[in-house]
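Presented below is the structure to which this report refers.
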Amino acid sequence: MGVFRVTFTKGGRKQRSGKFYIDFKDAAGIRRRVPAYKGERESQELERTIEKLVACKCNNALPGADLVRSIESMPAKVRDRLTLFGVLDKRRQHAAKAIADHLDDYKAELIAKGASGNWANLKYTRTLAVLMEAGCKSLSAFNEGDVLLAADRLRQSRQLSDATYNHHLSACKQFSKWLVRSKRMDADPLLGMKGRNAKANRVHQRRALTPEECRALLGSTEARGDNYGMTGPGRALLYRLALETGLRANELRTLTRSAFQLVGKQPSVTVAARHAKNRKAATLPLRPVMASLLASHVANMLPSAPVFPAMPQSNHTAEMLKADLAAAGIKYEVEGQFADFHALRHTFITNLARAGVMPNVAKELARHSTITLTMDYYTHTSLGDHAAAAAKLPDLDAGTLAETA
């Protein structure tokens, strides 16, 4: 290897190049040449970096953190040449790209694969918030310790719940896995990262409405006037559909006329994969009365028309429901548990359990990944429910008790 200036003839006179060049042999023994810097010292440092990269290639080894940082500081033209020569593989070339640019690519790929723009943007913004708080600008600076510390600072400064904190960590982990899958990193730096115990420290706990509260809510809301851009009957239908299917607010917002099959033996509603939280399409059964109400509601709608076009955004659905609960004389908070819009889903799953639906069937209707999530988090039972369950046990009284000697 060697660092030198190129001599050339111009206008009949010999001249020397303004910058230095590096001459070296690659892993196959082929002589190569790349442009360096105008300064000799910087060019010699670049020469040593290339020498180390060739050694890594010969030994089939991965560059260490220091060498990765050297790659990041290389001129783009040098990296391109080294990649062309096979000295620097493409994933090392990615190391020089700003992590925010990788995140842009990640978001674009999510959308290209069918994710909704809102969902992809949520993953993007959560990850970006943590990385910016951590001061992470390149892949070499992406590590578990800094991510955890940054996420905890966000949790405290923004007063995030443990569940929301975990959502931020989960978004970072999904991004980290994508970096490895797309061959931009060799190993996942967040592979073993764990969040907080959100169940033990849950700030906003939801409650299930009783059947009496559900009836009062639907009856009162249907008789009320417009609120948050929706009519009283429209809001009542929305609440009832949530209570009888467990659909989330964002899923309800995306439903179009074509999502409903309202004739035949089993009416149903289908949630498209791109709108479902678990990214899987699901078809849920509708009760006959619900199907009849929906049939009247969508009678004049085109297949692509939103069924609830005036439904407010997610930050207002809880406020809308809270106002209707108050009008119906129903408490929004009971013993530290709240009846926000997502509580309608909790009510649906709790009613399944109270009706004696088998846990595995309830899990499928709730579209959960585990029965534990369905039964422990979304099912709310009382002492009365426990007593009723105990009363269903077999009667062990034979009529007479054996006398003891």
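Residues in segment 314-343 that are surrounded by fewer than 17 Cβ atoms within 10 Å (Cβ to Cβ), free of Cβ contacts under 8 Å to residues at least 60 places away in the same chain and either among the small types (Gly, Ala, Ser) or outside the structural domain of ASP226 (by TED's automatic domain parsing) (or both): ALA326 alone.
Could you tell me which residue of segment 153-176 is nearest to the chain's Cα centre (by Cα), considering only residues that are farther than 18 Å from ALA187 by Cα and among the hydrophobic types (A, V, I, L, M, F, W, C)? Out of the qualifying residues, it is ALA163.
Among the helices (runs of 4 or more DSSP H) contained in segment 47-118, which hold 1 or more residues that are modelled with pLDDT of 85 or more and either touching a Leu at 6+ places or on another chain (Cβ under 6 Å) or of a type in the set (A, V, I, L, M) (or both)? Let's see the steps before the verdict.
Details: elements: 65-72, 76-84, 90-94, 99-112.
Answer list for segment 47-118: 76-84, 99-112.
Looking across segment 353-369 at every residue that is closer than 21 Å to VAL271 by Cα and in contact (Cβ under 8 Å) with a residue 24 or more places away in the chain, the one that is surrounded by the fewest Cβ atoms within 10 Å (Cβ to Cβ) is identified as SER369.
Looking only at segment 321-337, decide whether some residue is within 27 Å of ALA115 (Cα to Cα) and not in a strand (DSSP E or B).
Kept after step one, since they are within 27 Å of ALA115 (Cα to Cα), are these residues of segment 321-337: none.
Checking segment 321-337: not a single residue is within 27 Å of ALA115 (Cα to Cα) and not in a strand (DSSP E or B).
Against the condition crowded, with 16+ Cβ neighbours inside 10 Å, over 18 Å from MET311 (Cα atoms) and modelled with pLDDT of 90 or more, how does MET290 come out, does it pass? Spell out how you get there, then give the answer.
Numbers: crowded, with 16+ Cβ neighbours inside 10 Å: yes; over 18 Å from MET311 (Cα atoms): yes; modelled with pLDDT of 90 or more: yes.
Spelling it out, MET290 is indeed crowded, with 16+ Cβ neighbours inside 10 Å, over 18 Å from MET311 (Cα atoms) and modelled with pLDDT of 90 or more.
Out of the residues in segment 264-278 that are modelled with pLDDT under 85 and surrounded by 15 or more Cβ atoms within 10 Å (Cβ to Cβ), state the one that is farthest from THR245 (Cα to Cα).
Of segment 264-278, the ones modelled with pLDDT under 85 are 274-278.
Those still in the list that are surrounded by 15 or more Cβ atoms within 10 Å (Cβ to Cβ) too: 274-276.
Values: ARG274: 18, HIS275: 15, ALA276: 13 Å.
Of everything passing the filter in segment 264-278, ARG274 is farthest from THR245 (Cα to Cα).
Within segment 229-240, residues that are over 13 Å from LEU294 (Cβ atoms) and in the same structural domain as GLU319 (by TED's automatic domain parsing) reach partners that are among the polar types (S, T, N, Q) and not in a helix (DSSP H, G or I) with beta carbons closer than 9 Å, at six or more positions or on different chains, in the pairs ARG235/ASN227.
Being without any contact (Cβ under 8 Å) to a residue 12 or more places away in the chain and under 20 Å from MET185 (Cβ atoms) is true for just one of ALA100, ALA141, ALA150, ALA108. Which residue is that?
ALA108
Residue check: is LEU218 outside any loop (DSSP other than H, G, I, E, B), modelled with pLDDT under 95, in the same structural domain as ALA355 (by TED's automatic domain parsing) and farther than 22 Å from TRP119 by Cα? For LEU218, the condition - outside any loop (DSSP other than H, G, I, E, B), modelled with pLDDT under 95, in the same structural domain as ALA355 (by TED's automatic domain parsing) and farther than 22 Å from TRP119 by Cα - is not met.
Conditions tested, residue by residue: (1) farther than 23 Å from GLY64 by Cβ; (2) surrounded by 15 or more Cβ atoms within 10 Å (Cβ to Cβ); (3) touching a helix residue (DSSP H, G or I) at 6+ places or on another chain (Cβ under 7 Å).
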residue: TYR21; (1), (2), (3): yes, yes, no
residue: ALA27; (1), (2), (3): no, yes, yes
residue: ARG33; (1), (2), (3): yes, no, no
residue: SER43; (1), (2), (3): no, yes, no
residue: THR49; (1), (2), (3): no, yes, yes
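Looking at segment 309-319 only, could you name the residues that are outside any helix (DSSP H, G or I), hydrophobic (A, V, I, L, M, F, W, C) and under 10 Å from ALA249 (Cβ atoms)? Spell out the reasoning first.
So the first thing to find is which residues in segment 309-319 are outside any helix (DSSP H, G or I), and the list is 309-313.
Checking which are hydrophobic (A, V, I, L, M, F, W, C) leaves us with 310-311.
Within segment 309-319, MET311 is the sole residue that qualifies.
Taking first residues from segment 1-20 that are closer than 15 Å to GLU42 by Cα and of a type in the set (Gly, Ala, Ser) and partners that are modelled with pLDDT of 85 or more and surrounded by 11 or more Cβ atoms within 10 Å (Cβ to Cβ), the Cβ contacts under 7 Å between residues at least 6 apart in sequence or on separate chains come to GLY2/ASP23; GLY18/LYS38.
Of the residues making up segment 161-186, those that are surrounded by fewer than 20 Cβ atoms within 10 Å (Cβ to Cβ), among the hydrophobic types (A, V, I, L, M, F, W, C) and at pLDDT below 85 number 1.
Counting only residues that are outside any strand (DSSP E or B) and either within 50 Å of the chain's Cα centre (by Cα) or aromatic (Phe, Trp, Tyr) (or both), how many does segment 1-28 have? Don't jump to the end; show me each part of the working.
Keep residues of segment 1-28 that are outside any strand (DSSP E or B), which gives 1, 11-12, 26-28.
Now drop any that are not either within 50 Å of the chain's Cα centre (by Cα) or aromatic (Phe, Trp, Tyr) (or both), which leaves 1, 26-28.
Result for segment 1-28: 4.
The values are calculated or read from the model by the stated rules, or taken from the named source; none is laboratory data. Computed from a prediction, not measured in an experiment: that's the story for all the values here. Note: ideal-geometry Cβ built from the backbone for every residue, glycine included; neighbour counts use all protein chains shown.
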